[in-house]
Protein chains: 2
Amino acid sequence: MIASEILKIHEIKKTPGRIAIINALQQNDQPLSETEIKSGMNEMYDRITFYRNIQTLTTAGIVHKIVIDNTIIKYELSCSGKEHTHHNEHAHFYCEECHSVTCLKQIKIPEFNLPEGFMYDDSDIIIKGTCKKCSHQITTKDLE
Amino acid sequence: MIASEILKIHEIKKTPGRIAIINALQQNDQPLSETEIKSGMNEMYDRITFYRNIQTLTTAGIVHKIVIDNTIIKYELSCSGKEHTHHNEHAHFYCEECHSVTCLKQIKIPEFNLPEGFMYDDSDIIIKGTCKKCSHQITTKDLE
DNA sequence: ATACAAATGAAACAATGTTGCAAATGTAGT
DNA sequence: ACTACATTTGCAACATTGTTTCATTTGTAT
């Protein structure tokens, strides 16, 4: 689905900044950082507008924000395809070697059995470790 | 176990700042923010020293850092009791009403089935919603 | 009591995010 | 296509959070 349609469905004004963010996220299957999104936007990038648009898109449920250890922040489209999903569905993997973030679509968010009185809204699962590429590099280095 | 013992076991120097942090965390069963830890330290509080000590204690596995949406940061003792545990064991609940963070010791971190090549180190589960106290307040307000 | 490495605290910096406000832009109605 | 109005933008200035450098102080083992 094209960026302008997504905005229309959510009744959010169609502006260049927002379209650029959605396009950048659609063109990648992995979550992107602010810098990565910025690099796709030729010159017409304003830090303040970016922050405001990310906030608008996030509260609308279009974009999901993934935060690792409060330094690394990545964005992804909420469930590419489905529109009105406001909820995170899968876990994310953070590589402590190369600092990349990978969607683990295989690992679904389970149903949590919350204690009496608690109401569920959303959840995040961050798994940390070494990603496939890096663990391969480490292993081969050992063999040298 | 007393603060100085914990530091000794981990072969970390016993300094007033570190002891103050551990004491503050031991006196509360819920995770504390920097401000909350600070308020327990009369005057002898230095921001830079705090950051450095939190980092030392975190990498030693004594303290665990819980980050919500990269604005709210809370600290807790890693599995009060067991010493050499470097890993998070239970999920945390973030209340979107009162912004409190609660340990959900009932909800253990499951075994994740990572894809081929990925190596596991640690993980965080953050569940967001409305806590017991706040959901009660909301419900009673509806009845008025 | 001494010696040495590690920790502290100050200043200065860096990165990240927010607010107020005038100008520009998007959208709905004609 | 034009107008009107609210929303969004972009700028300056600010606020918060975290880091680096370095001289001084402190903890610990001998």
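The values are calculated or read from the model by the stated rules, or taken from the named source; none is laboratory data. As the structure is a computational prediction, the values presented were derived from the model and not from experiment. For neighbour counting, all protein chains shown are included, and Cβ atoms are generated from backbone atoms with ideal geometry for every residue, glycine included. The area values use the complete protein model at the heavy-atom level, side chains included, leaving out ligands, DNA and RNA. Shrake-Rupley method; radii C 1.70, N 1.55, O 1.52, S 1.80 Å.
Measure off 7 Å from each Cα along the Cα-to-Cβ vector at B:Asp69 and A:Ser33, then give the distance between these two points in nanometres to one decimal.
2.3
List the residues, sorted by chain then number, that are 5 or more residues from B:Ser123 or on another chain and whose placed amide H is less than 5 Å from its amide H.
A:Lys128, B:Asn88
Starting from the amide H of A:Asp69, placed 1.01 Å from N in the peptide plane, find each other amide H under 5 Å away whose residue is 5 or more places distant or on another chain.
When sequence neighbours closer than 5 places are left aside, there are no close amide H contacts.
To the nearest 20 Debye, how big is the dipole of the protein assembly as shown about its Cα centre, given +1 on the beta carbon of each Lys and Arg and -1 on that of each Asp and Glu?
420
Normalised by the number of residues in chain A, what is the relative contact order in percent for Cα pairs under 8 Å and 6+ residues apart?
18
How far apart, in nanometres, would the label points at A:Tyr120 and A:Ile19 be if each is projected 7 angstrom from Cα along the Cα-to-Cβ direction?
3.9
What are the lysines whose alpha-carbon lies under 25 Å from the alpha-carbon of B:Lys128, with same-chain residues fewer than 8 places away excluded?
Within reach: A:Lys65, A:Lys74, A:Lys82, A:Lys105, A:Lys108, A:Lys128, B:Lys65, B:Lys74, B:Lys105, B:Lys108, B:Lys141.
Report ³J(HN,Hα) in whole Hz for each residue of segment A:29-44, in order, from the Karplus equation J = 6.51 cos²θ - 1.76 cosθ + 1.60 where θ = phi - 60°; Gly and Pro get x.
Computed from phi, the couplings for segment A:29-44 are 8, 10, x, 10, 8, 4, 4, 5, 5, 4, 4, x, 9, 5, 6, 6 Hz.
Tell me, what is the percent relative contact order of segment B:1-72, built from C-alpha pairs under 8 Å that lie six or more residues apart?
It comes to 28 percent, rounded to a whole number.
Place the label 7 angstrom along Cα→C-beta at B:Lys14 and in each other copy, then list the distances from the first to the rest in nm, shortest first.
6.9
Just for chain A, what percent of DSSP beta bridges are antiparallel, to the closest 5?
75
Computing the accessible area with a 1.4 Å probe over protein heavy atoms, can you report the carbon and sulfur percentage for segment A:3-143?
Within segment A:3-143, the accessible surface is 49 percent carbon and sulfur.
Report, for A:His90, each distance to the same residue's label point in the other copies, shortest first and in nm; define the point 7 Å along Cα→Cβ.
The projected label point of A:His90 is separated from its counterparts by 3.0 nm.
Go ahead and run the numbers for FRET between A:Arg47 and A:Glu89, Cβ-Cβ distance against an R0 of 45 Å, rounding to 0.05.
0.90
Checking an interface number: how much accessible area is buried between A and B, summed over both chains, with a 1.4 Å probe, in Å² rounded to 100?
Adding both sides of the contact gives about 2800 Å².
Counting only heavy atoms of the protein chains, get the accessible area per residue of segment A:3-143 (1.4 Å probe) and round it to a whole Å² value.
57
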